[in-house]
Each structure stands twice: as structure tokens, then as C-alpha cells.
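Only one structure is covered here, and it is reproduced in the block below.
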Amino acid sequence: MEQKVILLTGASAGIGKTTAQLLMKRGAIVYGASRSANGEMEKDISSGGELIHISMDVNNEVDIQKALDR
């Protein structure tokens, strides 16, 4: 099965963070975007999923393009 790649905004806290971690545990590669991201990465060994915290302000087109390029 092909591994899914997901870009999720608001992933630094609350529902966004919980959703990002759930998707990672289900085997997806999740780019968790938030203005306060520090570049840290989490891995779930059993599923092969990853959560990569990326800095992005959804009101800034340059930030959005950088995130998409990554």
C-alpha cells in the first residue's frame, strides 16, 4: 500500500496536534504546519509513519510555497 503524505495546518496544539499524531500512527507522513513549529520530527516505528513539524503562516504566500516545495 502506498504511504499517504498529508499537509495539516494548526498542528501545534489541540485537535490539530492530536489529528497529526493519529495520522502518523496510521502510517502517514504528516507535515504538521504551524507558525511556532521548531522543525522537530516524530516517528512511529510500528506503522512507519512520520510527523514533521514545519513552520508556516497560512496568511503568508511565501511560507505556503516553501511548505509545498518541501
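The values are calculated or read from the model by the stated rules, or taken from the named source; none is laboratory data. These numbers were taken from a predicted model, which means no experiment stands behind them. Note that each Cβ is placed from the backbone with ideal geometry, even for glycine, and that neighbours are counted across all protein chains shown. When the accessible area is computed, the model is the full protein with side chains, heavy atoms only, and any ligands, DNA or RNA have been set aside. Shrake-Rupley method; radii C 1.70, N 1.55, O 1.52, S 1.80 Å.
Per DSSP H run of at least 4 residues, take -39500 (n - 2.57); add these up for the chain, divide by its residues and hand me the 222 nm value, nearest 500 deg cm²/dmol. Don't skip to the answer; put the middle values down first.
Working: 2 runs with 21 residues, N = 70.
So the helix-based figure for the chain works out to -9000 deg cm²/dmol.
Lysines within cross-link reach of residue 25: Cα-Cα under 24 Å, excluding same-chain residues under 8 positions apart?
4, 17, 43
With +1 on each Lys and Arg Cβ and -1 on each Asp and Glu Cβ, how big is the dipole of the chain about its Cα centre, in debye rounded to the nearest 20? Could you put the intermediate results ahead of the total?
Values: 8 positive and 9 negative charges, 42 e Å.
The dipole of the chain has a size of about 200 debye.
Please compute the per residue accessible area over the chain with all protein chains in place, 1.4 Å probe, rounded to a whole number of Å².
Values: 4790 Å² over 70 residues.
Accessible area per residue, the chain: 68 Å².
At 0.36 nm per residue, minus the direct Cα-Cα distance, what do residue 58 and residue 22 gain on full extension? Give it in nm, one decimal, please.
Working: separation 36, 0.36 × 36 = 12.96 nm, distance 2.23 nm.
In short, 10.7 nm is gained.
Could I have the simple spin-label model distance between residue 40 and residue 3, label points 7 Å from Cα toward Cβ, reported in nm to one decimal?
2.1
Run the accessible area of the chain with a 1.4 Å probe and give the carbon-and-sulfur part as a rounded percent. Could you put the intermediate results ahead of the total?
Details: 2370 of 4790 Å².
Of the solvent-accessible surface of the chain, carbon and sulfur hold 49 percent.
How large is the convex hull of the C-alpha atoms of the stretch 2-70 per residue, in Å³? Numbers along the way, then the final one.
Values: hull volume 5.1 nm³, N = 69.
It comes to 74 Å³ per residue, whole-number rounded.
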